[in-house]
Amino acid sequence: MTITSTRRLFLGGTAVVGSAAALSACGGQKSAEEQQKAAEEENQKAADEQSQLPSTAWEVAEYDAVADGGSLTLAVSQLPNNWNSAQTDGNLADLTDIRSPMGYGHEILYSEKGEKTLNPDYIESAELTSEDPQIVTFTYNKNAVWDNGDPIVVEDLISLWKATNGKNEEFLIVSPIGWDQIKEIRQTDDEFSGEIEFASPFADWITVLYPSIPAAVSSDPKTFNEGFTSEPTPSYGPYVVSDIDSSGGVITQKRNEKWWGRAPKLETIVWKVVDQSQAPAAFANGELDAYEIANGDELAQAKGRQDATIQVTNGLTWTHLTMNVEGGGGVLKDVKVREAIARGIDRNAIGNAVVGPLEAPIVLVNNFVYMPGQEGYEDSYEPLGSLEFDPEAAKKLLDDAGWAAASEGEVREKDGTQLAFEIIVPADTKSNEDRAAQVLTNLNAIGFKVGVKTVPSDAYFDEYITPKNFDAVTFSWVGGQFPESNSVNLVYPKDSGQNHTNFEDERLADLDNQLKAAFDEDEKHKLANEVSTMIAESFAIIPFYATPNIVGVKDGIVNYGASQFQSFDWTTVGVKA
């Protein structure tokens, strides 16, 4: 997909947790006005806490103040098993990071405040020229080429649209969002000019303006699905992959000779596969130039490095417990059981167990579209009686569902079946292990039998999450700049490339169409919160906490590090002159 409007899977994630949402008033229900006021106050509280952090924390340097040359060494958790980000197996945060210097996602630029502008290196112009039907007219930069020298043209966009609109099931896609609402893409004046006509209104039309792969990749299902499992898709940015050392787990990028824009400063970018357990030491020892810090132990190690700075900003990442409703031998199919799990987990304790001494605001997430403090955020659990830790309420839900325990501390049973399920965790990922351990402790205390199974980290997504081969997992979602467009896909439809729950709510279909067509911001926020409440009602995903970006960066490196919205300009990333 052209822009990261889909949510991306992330293995670890900095673990941060916050105070519980406002409780219902004792002795009666709140009025609609009181609920709205409480939601606004809670959101303002979260906003105040997060306002302590900047949106961008890296050292800024003008282009001419950056030295020519040098290398930047970064860590990833695995080599890509598919370099096509639009294909199901390519929906990984690591791949998005690796492809970023290769142009992926850079047709739209994001400022420190999240403001969006078209990148003239790719798109000369684009505008909404008709509202009924919705038609967008665009012109590409005629100098833009793939790394083999072929021009980037309208036909590339047409081919990508046909591959990702969901009509041909042979294409295994992450998401059809936006593409499935296009009626036709037409070339107009020349191969660089065209127009998109939408079959139904789509407010986030800028997300489908530019191709991320050429027609040679997207025109054939086999090539789309399997053609780039071991080699990179073509670059269209300042850097190109020069070497892949599969045995050593190293990807090297060099300057792209076909790049038409301003010359990049760095000579090479190196991506090393490093286990999360080993990465902090690798950064502390100077083997890595920057590292995303995931927990308090890692922060302590990073602080031990004398020639580095710790950067902290707000983020777009949140952690959660996702349940496969067809897992656990059927015990997770009952929504009362899933709600009991949600109310039986102490989210504050999970955060405290994982976060340790991390120096960042602690904020719980109670919305599936917006982050706490973000405009539009409301507590989606408020209509459900909030989501506070309440083991007694959890026990009652289990009693009502027919899961009885002979005595305190024993595993509950129903019709001869134990109330048991398993959490899959990746090896050597402490934050993931700690979250799972707290879930186990909380739930086993109220009659569950929760087990934890550790699997190789490089198999975690490929062999367990993507094929839905699990009962429960706890990882992180990295949100995009267009949160309203992609949140429904977390639970609808069932075969969505981002729905790992095996659950779907048919009510979301029409609501999703309304949300995508909402150009008015107030209407968009209203519909988005209706979507979020419906997802909350499923109790198939239990959100934990918002995750700040905490990055250790070697001194002297500029225009790279921690940010919430701002995109990297890979032509200026480098070493201060």
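Structure notes:
- Every pair of residues 6+ apart whose Cβ atoms lie under 7 Å, when the first sits in segment 50-70 and is farther than 15 Å from Y560 by Cβ while the second is at pLDDT 95 or above and of a type outside the set (V, I, T): D68/K265; G69/E267
- Evaluation of E433 against (1) of a type in the set (D, E, K, R); (2) under 22 Å from V325 (Cβ atoms); (3) without any contact (Cβ under 8 Å) to a residue 24 or more places away in the chain (one fails), failing number: (2)
- Residue match in segment 420-429 (condition: more than 27 Å from the chain's Cα centre (by Cα) and farther than 30 Å from L515 by Cβ): yes
- Of the criteria (1) assigned to a helix (DSSP H, G or I); (2) touching a Leu at 6+ places or on another chain (Cβ under 9 Å); (3) farther than 23 Å from P101 by Cβ, which one A203 fails: (1)
- Checking every residue in segment 110-133 against the condition of being in contact (Cβ under 8 Å) with a residue 12 or more places away in the chain and either in a helix (DSSP H, G or I) or in contact with a helix residue (DSSP H, G or I) (Cβ under 6 Å, 6 or more places away or on another chain) (or both) gives zero matches.
- Qualifying residues in segment 359-381 (those that are among the charged types (D, E, K, R) and out of contact with any helix residue (DSSP H, G or I) (no Cβ under 6 Å at 6 or more places or on another chain)) - the one surrounded by the most Cβ atoms within 10 Å (Cβ to Cβ): E359
- For segment 227-248, the candidate set comprises residues that are touching a residue at least 60 places away in the same chain (Cβ under 8 Å) and surrounded by fewer than 16 Cβ atoms within 10 Å (Cβ to Cβ); within that set, the residue that is farthest from Y460 (Cα to Cα) is E231.
- Given (1) surrounded by fewer than 19 Cβ atoms within 10 Å (Cβ to Cβ); (2) closer than 24 Å to N499 by Cβ; (3) in contact with a helix residue (DSSP H, G or I) (Cβ under 6 Å, 6 or more places away or on another chain), number of the condition A340 does not satisfy: (1)
- Scanning segment 551-577 for residues that are over 16 Å from V478 (Cβ atoms), of a type in the set (A, V, I, L, M, F, W, C) and assigned to a loop (DSSP other than H, G, I, E, B) turns up W570, V573, A577.
- Search result, residues across segment 134-152 that are within 22 Å of P234 (Cβ to Cβ) and in contact (Cβ under 8 Å) with a residue 60 or more places away in the chain: F138, Y140, N141, N143, A144, V145, W146, D147, N148, G149, D150, I152
- Residues satisfying the stated conditions in segment 492-518, i.e. over 18 Å from the mean Cα position of the chain (by Cα) and in contact (Cβ under 8 Å) with a residue 40 or more places away in the chain: N502, F503, N513, K516, A517, A518
- S235 in a strand (DSSP E or B), under 25 Å from N143 (Cβ atoms) and small (G, A, S): no
- D434 surrounded by 20 or more Cβ atoms within 10 Å (Cβ to Cβ), out of contact with any strand residue (DSSP E or B) (no Cβ under 7 Å at 6 or more places or on another chain), farther than 30 Å from W205 by Cα and acidic (D, E): yes
- On the stretch given as segment 460-487, residues that are at pLDDT below 90, of a type in the set (V, I, T) and in a helix (DSSP H, G or I) total 0.
- Tally of residues being aliphatic (A, V, I, L, M) and within 17 Å of K526 (Cβ to Cβ) across segment 473-493: 1
- Sole exception among (1) closer than 18 Å to G344 by Cβ; (2) free of Cβ contacts under 8 Å to residues at least 12 places away in the same chain; (3) of a type outside the set (S, T, Y) for K395, by number: (2)
- Search result, residues across segment 218-232 that are part of a helix (DSSP H, G or I) and either under 23 Å from the mean Cα position of the chain (by Cα) or modelled with pLDDT under 95 (or both): F224, N225
- Filter result for the condition that a residue is crowded, with 18+ Cβ neighbours inside 10 Å and assigned to a strand (DSSP E or B), over I446, I423: I423
- Scanning segment 186-196 for residues that are part of a strand (DSSP E or B) and over 29 Å from the mean Cα position of the chain (by Cα) returns R186, Q187, S193, G194, E195.
- Members of segment 275-291 that are crowded, with 21+ Cβ neighbours inside 10 Å, assigned to a loop (DSSP other than H, G, I, E, B) and modelled with pLDDT under 95: Q276
- Candidates W271, W259, filtered to the one that is hydrophobic (A, V, I, L, M, F, W, C), crowded, with 17+ Cβ neighbours inside 10 Å, under 15 Å from D121 (Cα atoms) and modelled with pLDDT of 95 or more: W259
- Test result for G315, at pLDDT 90 or above and among the small types (G, A, S): no
- Listed by first and then second residue, the pairs with beta-carbon distance under 9 Å, at least 6 apart or on different chains, first residue in segment 319-332 and touching a residue at least 60 places away in the same chain (Cβ under 8 Å) and of a type in the set (D, E), second assigned to a strand (DSSP E or B) and surrounded by 23 or more Cβ atoms within 10 Å (Cβ to Cβ), form an empty list.
- Identity of the residue in segment 522-560, acidic (D, E) and touching a residue at least 12 places away in the same chain (Cβ under 8 Å), that ends up surrounded by the fewest Cβ atoms within 10 Å (Cβ to Cβ): D555
- Test: L332 is part of a strand (DSSP E or B), farther than 30 Å from A284 by Cβ and touching a strand residue (DSSP E or B) at 6+ places or on another chain (Cβ under 6 Å): no
- Some residue of segment 171-181 being buried (at least 17 other Cβ atoms within 10 Å of the Cβ), among the hydrophobic types (A, V, I, L, M, F, W, C), in a loop (DSSP other than H, G, I, E, B) and modelled with pLDDT of 95 or more: yes
- Filter result for D505 (in a loop (DSSP other than H, G, I, E, B), among the charged types (D, E, K, R), touching a Ser or Thr at 6+ places or on another chain (Cβ under 7 Å) and modelled with pLDDT under 95): yes
The values are calculated or read from the model by the stated rules, or taken from the named source; none is laboratory data. It should be emphasised that the depicted structure is a prediction, and the values quoted were computed from it without experimental measurement. Glycine also receives a Cβ, built like all others from the backbone with ideal geometry; neighbour counts cover every protein chain displayed.
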